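The values are calculated or read from the model by the stated rules, or taken from the named source; none is laboratory data. Bear in mind the structure is a predicted one, so any value in this text is a computation, not a measurement. Counting neighbours? That spans all protein chains shown, and the Cβs are built from the backbone with ideal geometry, glycine included. Keep in mind that these areas ignore ligands, DNA and RNA; they rest on the heavy atoms of the full protein, side chains included. Shrake-Rupley method; radii C 1.70, N 1.55, O 1.52, S 1.80 Å.
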Amino acid sequence: MKLAKPVRFTLVTLSCGLLALGLGFQSAGIALTSKEPETATNLFPLNGLAQENIASETYASSVALSQGPEAAARGAKMWARLAYLKEPLTPNSLAILALATDQGKSRSTVVDLASTLNRRDLTLQGLVLQEQVLVENYGGAVGTVDEILRVRPSRSAELFPVLLSVFVQEGAVEEFSQVLDGSSPWHKRFVSYAIGQPEALANLVELRSRQSFDDQKLDQSLLRNLAAEGDLEASYALYRRLSGEGSAGRSSQVLSWTYTFEPFDWTFVDSAEFRAQTSQISDHLELYIRPGNGGPFATRTISAPDVPFTISAKHDIRPSNLSQDVKVVLTCVGSGEQVMEVPFGADELSHSITRLPYGCSFLELALHGRAWSGKSALKGEISPLLLSTRM
């Protein structure tokens with residue numbers, strides 16, 4: 001009986017010592033989890049957080065060496081699996097396991113599981129976005145991008161091409177219109193990016209019909225790029241909405257010298273020797289051409305009026321005997337076929353067009369002028385042009 005107490009005491013002491021040693025290793029492992037995860041794992045093999053950090057570092061270093069995300073994930077898969085077995089709530093491990101899994105139902109299951117645990121992890125959000133695009137969940141995809149870019153706007157260069165592939169799909173505009181409300185800076189940046197992509201222009205026009213961009217420069221770029229792609233019918237319809245122009249088919253139309261929305265408003269030449277600019281005291285256009293200069297000084301595209309129609313204007317170009325060196329030129333957009341080239345009269349312009357080439361729906365209207373070397377400079381004012389049709 002006397003022997004039992006020393007043995008029991010020895011066993012208790014040994015057990016306490018082992019427990020203390022184990023807790024010491026565990027404490028050391030936890031302390032080293034972030035800074036030295038491999039050492040932490042060696043000290044305490046059940047440290048799933050350290051194993052998750054090893055998986056994340058392995059993945060990141062592989063991506064830095066230009067390996068693709070899926071190949072990098074396969075290289076980190078072992079550590080991610082160990083971390084998940086120890087700590088099932090580690091989102092990075094689940095994200096890496098999802099990337100290492102072939103696309104399909106299995107990957108979707110892992111992504112769904114991970115996303116229920118943590119929607120803030122960026123790698124995980126990227127996977128969620130990928131899955132949403134694959135199943136054409138446009139609303140979910142836009143929402144996921146919104147979540148990412150509100151927190152990490154620097155990822156816009158990476159995510160905008162993915163988002164554009166969603167935006168151009170039929171039916172996607174409705175989902176985008178519910179998110180792109182201007183409440184985050186990335187909204188306007190995405191619209192600006194999409195305007196430069198020809199495949200996105202049609203849906204941008206639809207989006208613009210639903211809501212304002214609250215940015216005239218974006219409107220101008222959209223209109224200009226749409227017209228440059230050759231879709232003049234759609235771009236002219238957009239122009240009429242943006243400018244507030246009334247319905248076509250009027251018996252007369254005053255072409256005021258507005259220059260807000262190219263190409264359906266005016267574009268003016270502007271240099272010290274050759275310039276056209278709107279007057280600050282009247283609705284006229286001021287013209288100045290120094291000798292030795294010339295060419296088109298005001299151009300715009302117009303919807304072809306019903307024929308016959310007349311172009312007329314008043315002017316005060318000096319010297320009056322050289323006013324014939326200012327001309328109006330009409331050309332069919334697309335074919336380039338010239339319809340008319342008529343010089344100004346002594347104090348007015350008036351010319352009738354009785355026919356247009358077949359299929360000539362839009363016309364480029366241009367005013368040309370030239371001041372010849374050795375002669376006087378041309379300067380003066382021109383009233384807004386008037387298009388009149390016979391009803």
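With the structure loaded, tell me whether Glu174 is open to solvent by 10 Å² or more (accessible area, probe 1.4 Å) and closer than 30 Å to Ser388 by Cα or whether it fails that test. Before the answer, list the steps.
On the way: open to solvent by 10 Å² or more (accessible area, probe 1.4 Å): yes; closer than 30 Å to Ser388 by Cα: no.
Judged against the criteria, Glu174 is not a match.
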Might you check whether a residue that is assigned to a strand (DSSP E or B), of a type in the set (A, V, I, L, M, F, W, C) and free of Cβ contacts under 8 Å to residues at least 60 places away in the same chain occurs anywhere in the stretch 262-273? yes
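One line per residue, one yes/no per condition, for (1) in the same structural domain as Gly374 (by the TED database); (2) at pLDDT 95 or above; (3) under 28 Å from Glu245 (Cβ atoms); (4) open to solvent by less than 30 Å² (accessible area, probe 1.4 Å):
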position	(1), (2), (3), (4)
Ala276	yes, yes, yes, yes
Phe297	yes, yes, yes, yes
Thr301	yes, yes, yes, yes
Ala304	yes, no, yes, yes
Ser320	yes, no, no, no
Gln324	yes, no, no, no
Ser335	yes, no, yes, no
Looking at the stretch 337-347 only, could you name the residues that are open to solvent by 80 Å² or more (accessible area, probe 1.4 Å) and more than 44 Å from the chain's Cα centre (by Cα)? Asp347
For the stretch 349-367, which residues satisfy the criterion of being outside any loop (DSSP other than H, G, I, E, B) and open to solvent by 60 Å² or more (accessible area, probe 1.4 Å)? Ser350, His351, Glu364
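Go through the stretch 177-204 and give me each residue that's assigned to a helix (DSSP H, G or I) and open to solvent by less than 50 Å² (accessible area, probe 1.4 Å). If you could, list the steps in order and put the result at the bottom.
Looking only at the stretch 177-204, we keep the residues that are assigned to a helix (DSSP H, G or I), and these are 177-179, 185-195, 198-204.
Listed by number, the residues that qualify are Ser177, Val179, Trp186, His187, Phe190, Val191, Ala194, Ile195, Ala200, Leu201, Asn203, Leu204.
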Please indicate, with yes or no, whether at least one residue in the stretch 205-217 is open to solvent by less than 20 Å² (accessible area, probe 1.4 Å), assigned to a strand (DSSP E or B) and either modelled with pLDDT of 90 or more or out of contact with any strand residue (DSSP E or B) (no Cβ under 9 Å at 6 or more places or on another chain) (or both). no
Enumeration of residues in the stretch 134-171 that are part of a helix (DSSP H, G or I) and open to solvent by 60 Å² or more (accessible area, probe 1.4 Å): Leu134, Glu147, Arg150, Val151, Pro153, Ser154, Ala157, Glu158, Pro161
Would you pick out the residues in the stretch 330-347 that are aliphatic (A, V, I, L, M) and part of a strand (DSSP E or B)? Leu330, Val339, Met340, Val342
